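Input: a single structure, listed below in structure tokens.
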Amino acid sequence: MTTLLIADHDNATLKETTARALTAALELGDEVHVLVAGKDCNPAATAAAKLTGVAKVLEANGDSLAHQLPEPLAALIVANAGPYEAIVTPATATGKTVLPRVAALLDIMQVSEVIRVVAPDTFERPIYAGNATETVKVGEGKKVLTVRTAAFKPAGDGGNAPIESIAAPPDSARSAFVGAEIATSARPELTAARVVISGGRAFQSAENFRKFLEPIADKLNAAIGASRAAVDAGYAANDLQVGQTGKVVSPDLYIACGISGAIQHLAGMKDAKVIVAINKDPEAPIFQVADYGLVGDLYDILPELERAL
Amino acid sequence: MKILVPVKRVIDFNVKVRVKPDGTGVDLANVKMAMNPFDEIAVEEALRLKEAGKASEVVLVSVGESQCADTIRAGLAMGADRGILVRADGRLEPLAVAKVLKAVVAKEEPGLVILGKQAIDDDCNQTGQMLAALLDWPIATFASKIVVDDGEATVQREVDGGHETVKLKLPAVATTDLRLNQPRYASLPNIMKAKKKPLDETTAADLGADIAPRLTVVKVSEPPARRAGVKVASVAELVDKLRNEAGVL
């Protein structure tokens with residue numbers, strides 16, 4: 001029996017989310033093959049072949065797969081699903097879009113956002129924004145799982161798996177990619193960063209948000225995150241949102257600045273190893289989850305923190 | 001063109017969730033229920049498309065127990081034209097709901113189905129994608145902008161790291177993200193009017209949909225609680241603790 005892991009990548013590079021989902025896939029106990037589907041995606045496939053524990057990489061290259069549109073990508077996965085007992089992907093924007101389509105085409109109920117493999121057929125997943133944990137057991141047939149990558153450590157880099165080419169599907173006749181605006185940043189990616197510093201509405205402007213957070217982020221090589229309130233107010237781009245409906249992060253250090261700690265936000269960061277909260281309101285709920293709390297004015301504390309680092 | 005908007009009755013997002021002591025689920029007795037917030041955004045978007053002359057009718061559908069009629073009425077009060085309640089008892093999984101919706105789509109023949117990207121109770125994020133699969137329709141998930149023209153929908157989507165735009169040939173499915181729009185409040189006159197709008201009732205069995213659950217819920221538990229730590233008095237103390245106690249600097 002074998003597990004098929006669908007890789008998260010941008011053709012040129014393999015995302016760390018793939019290595020994390022691989023750890024979950026290996027916990028199912030079977031051999032793992034990785035599917036890298038894209039266009040000119042050999043660099044990503046080569047990186048996948050090096051991950052420890054991968055037995056084989058399937059590389060599908062074609063125009064139809066260039067932008068990972070769900071229609072051709074799901075068709076490719078279903079066409080190759082035959083021998084696999086389980087199909088797994090990280091719960092990224094692409095994974096969350098394509099895998100339920102695969103599941104429905106195979107008439108299987110997907111298990112979303114697995115945070116723990118209890119047994120090869122039993123999984124834990126968060127519900128109600130992480131306020132409860134559901135343990136589910138799958139029945140007969142294939143398993144289709146998305147993995148919350150923040151809950152798993154990335155697999156190592158000691159493998160040397162063979163790469164096999166498979167045919168790409170035809171173009172989707174009814175959907176087309178028009179364009180993308182992806183923010184480029186020299187900082188580490190939010191979901192993979194070892195340190196995350198996040199800001200809330202307390203910053204009062206996009207200018208302050210950048211002015212006070214960026215110098216500290218630079219010193220700590222940290223990713224910058226934001227609360228929903230900060231994003232809604234226009235202080236930060238929406239892809240920086242940490243929370244139930246944004247990114248879920250689990251860095252070694254999470255510094256929440258001027259964030260009150262709504263349930264919605266906590267759902268996205270409570271798995272951080274160490275949480276620091278800086279807030280002028282001593283009663284803010286964020287202090288109930290913070291390992292270290294500092295009560296005071298951001299505009300005084302943050303420059304001082306930057307100098308102290 | 002008709003737009004179909006499936007709406008789900010869920011625990012109100014302001015309610016603090018309590019896990020039942022016997023681990024069978026979350027306590028829903030005497031708890032305020034409401035329309036799933038992402039579905040409200042879907043209703044709003046459908047109404048705006050109708051107001052812009054891109055759609056002729058907005059039809060709501062909800063699948064579940066009889067109280068789901070309240071959820072439909074809430075959407076009718078926002079301005080939707082009519083509703084369909086599909087009665088189904090027991091725990092409903094996204095695959096089951098997608099099968100019911102497929103049957104509703106076959107009857108109603110909408111040009112666009114707009115759903116919330118996920119329900120805030122089970123957080124599955126599957127139903128729209130599964131419906132599109134069963135219909136063999138294209139889909140755009142996590143929509144932050146929807147433009148309908150000439151038999152096509154151009155959808156801006158929120159993806160990891162930014163935005164992307166895709167073009168879908170109608171009929172198609174879209175799921176809403178948080179920033180697609182700000183849903184309107186229902187005015188009192190519209191709430192009164194909604195009571196007279198048509199609301200048909202059918203059952204999952206009548207639609208021939210297989211809604212048997214595929215997964216077994218073994219238990220529902222409280223997540224491990226995080227203990228509150230200590231308050232520090234100064235930046236110097238914070239940096240010292242992070243360096244020497246936590247070892248993360």
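The values are calculated or read from the model by the stated rules, or taken from the named source; none is laboratory data. If you're wondering where the values come from, they're calculated on a predicted model, not measured in any experiment. Note that each Cβ is placed from the backbone with ideal geometry, even for glycine, and that neighbours are counted across all protein chains shown.
What residue, of A:ARG228, A:ARG174, A:ARG194, is at the interface with another protein chain (Cβ under 9 Å from one of its Cβ atoms), in contact with a Pro (Cβ under 6 Å, 6 or more places away or on another chain) and either surrounded by fewer than 14 Cβ atoms within 10 Å (Cβ to Cβ) or closer than 15 Å to A:ALA256 by Cα (or both)?
Sole residue among the options that is at the interface with another protein chain (Cβ under 9 Å from one of its Cβ atoms), in contact with a Pro (Cβ under 6 Å, 6 or more places away or on another chain) and either surrounded by fewer than 14 Cβ atoms within 10 Å (Cβ to Cβ) or closer than 15 Å to A:ALA256 by Cα (or both): A:ARG194.
Quick check on segment A:203-225: of everything there that is assigned to a loop (DSSP other than H, G, I, E, B) and within 14 Å of chain B (Cβ to nearest Cβ), which residue is surrounded by the fewest Cβ atoms within 10 Å (Cβ to Cβ)?
A:ASN221
May I ask you to say which residue of B:GLU164, B:GLU237, B:GLU201 is surrounded by fewer than 15 Cβ atoms within 10 Å (Cβ to Cβ), at pLDDT 95 or above and assigned to a strand (DSSP E or B)?
None of the other options fit; the residue is B:GLU201.
Restricting to segment A:233-245, name every residue that is facing chain B (nearest Cβ under 8 Å) and in a helix (DSSP H, G or I).
Matches in segment A:233-245: A:ASN238, A:ASP239.
Could you tell me which of the residues B:LYS107, B:LYS102, B:LYS117 is under 26 Å from B:LYS54 (Cβ atoms), surrounded by fewer than 24 Cβ atoms within 10 Å (Cβ to Cβ) and at the interface with chain A (Cβ under 10 Å from one of its Cβ atoms)?
B:LYS102
Any residue at all in segment B:81-92 that is among the hydrophobic types (A, V, I, L, M, F, W, C), modelled with pLDDT of 95 or more and closer than 24 Å to B:GLN182 by Cβ?
no
Could you look through segment A:113-169, keep only residues that are hydroxyl-bearing (Ser, Thr, Tyr) and closer than 27 Å to A:LEU58 by Cβ, and pick out the one that is surrounded by the fewest Cβ atoms within 10 Å (Cβ to Cβ)?
This residue is A:SER165.
Across segment B:219-241, which residue is nearest to A:ARG116 (Cα to Cα) among those that are at the interface with chain A (Cβ under 7 Å from one of its Cβ atoms) and among the aliphatic types (A, V, I, L, M)?
That would be B:VAL220.
May I ask you to list the residues in segment B:125-145 that are at the interface with chain A (Cβ under 7 Å from one of its Cβ atoms), surrounded by 24 or more Cβ atoms within 10 Å (Cβ to Cβ) and hydrophobic (A, V, I, L, M, F, W, C)?
Selection gives B:MET130, B:ALA132, B:ALA133, B:ILE139, B:PHE142.
When B:LEU199 is evaluated against the numbered criteria (1) facing another protein chain (nearest Cβ under 8 Å); (2) farther than 28 Å from A:THR245 by Cα, which criterion, by number, is the only one it fails?
(1)
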